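Written out below as structure tokens is the structure these notes cover.
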Amino acid sequence: GIQVEQSPPDLILQEGANSTLRCNFSDSVNNLQWFHQNPWGQLINLFYIPSGTKQNGRLSATTVATERYSLLYISSSQTTDSGVYFCAVAKTSYDKVIFGPGTSLSVIP
Amino acid sequence: EAQVTQNPRYLITVTGKKLTVTCSQNMNHEYMSWYRQDPGLGLRQIYYSMNVEVTDKGDVPEGYKVSRKEKRNFPLILESPSPNQTSLYFCASSREGLSPGELFFGEGSRLTVL
């Protein structure tokens, strides 16, 4: 089945810094999402982005489907950005969603 | 407000005592799914449903049952819970029936089986 890798596995940032999180996948996909799991365990939708670029405030994401990767950019990080960031993909309309292992982000004041 | 609602959010129970975790969505979504999240194992799919009366097994269905009698509800049933079912459970829904599409998650249900 499709393999999903995320890097880095862990990241510590000073408040105000920028960061880039990466998601690589082993096969073509028609579904890719980024989620943020906050310290209380809630999974929050960030982007549904099977291709192209989207922006939402300080966050933006780019998926290059032909090269099988997606990037999540966090600018001017805040302590509330702490948590685990997951990407999730599905190969076709009939396949289940596969989650990556996540990137654990800690933003310190 | 569009949302996926799970109940209970927290539950401590004992081995063998049947329990049901409810899941309801108000977005008229066709696709619904249950996941469990365990340290070091990530999120794994338990069961999913592409439409009313249509359910199928995910990666870890053993010990669980589901039903989809109505479009909005997708309860997860543990007939005889065991300690290895202690986990954080998430329900999710999606607009498309055939494709998972954009998934929306509930807030999670933390279950402890003693």
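Data for the structure
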| quantity | calculated |
| --- | --- |
| Share antiparallel - DSSP beta bridges, the stretch B:15-114, percent rounded to 5 | 100 percent |
| Highest average packing first - B:82-89, B:56-63, A:24-31, Cβ atoms within 10 Å | A:24-31, B:82-89, B:56-63 |
| A:Q55/B:L41 FRET efficiency (R0 25 Å; Cβ-Cβ; nearest 0.05) | 0.15 |
| Size of electric dipole in the protein assembly as shown: Cβ of Lys, Arg +1 and of Asp, Glu -1, about Cα centre, debye, nearest 20 | 440 debye |
| Square roots of 5 times each gyration tensor eigenvalue, C-alpha, the protein assembly as shown, largest first, Å | 29, 21, 15 |
| Taking chain B and dividing mean pair separation by its residue count, relative contact order in percent (alpha carbons under 8 Å, at least six apart) | 36 percent |
| Whole-Hz ³J(HN,Hα) from phi, Karplus 6.51 cos²θ - 1.76 cosθ + 1.60, for the stretch B:12-23, glycine and proline x | 10, 9, 10, 3, x, 8, 3, 9, 10, 9, 8, 9 |
| Cα convex hull of chain A, projected area averaged across orientations, nm² | 6.3 nm² |
| Rel. contact order, % - alpha carbon contacts under 8 angstrom, at least six apart, the stretch A:1-75 | 30 percent |
| Per-pair calculated FRET efficiency, R0 = 25 Å: B:R9 and B:V52 via Cβ, rounded to 0.05 | 0.45 |
| Residues of type aspartates and glutamates that B:K69 reaches as a straight line, Cα spacing below 13 Å, ignoring anything fewer than 8 places off in the same chain | B:E30, B:E53 |
| Spacing of the two label points (7 Å from each Cα toward its C-beta) at B:E62 and A:N30, in nm | 3.3 nm |
| Eligible lysines near B:K71 by straight Cα distance, threshold 22 Å, same-chain separation 8 or greater | A:K96, B:K57 |
| Calculated from backbone phi, Karplus (6.51, -1.76, 1.60) coupling profile of the stretch B:77-87 in Hz, x at Gly/Pro | 10, 10, 5, 9, x, 10, x, 6, 9, 5, 5 |
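FYI, it's all coordinate maths here, none of it is from the lab. As the structure is a prediction and not an experimental result, all values here were calculated from the model. Every residue, glycine as well, gets a Cβ built from its backbone with ideal geometry; the counts of neighbours run over all protein chains shown.
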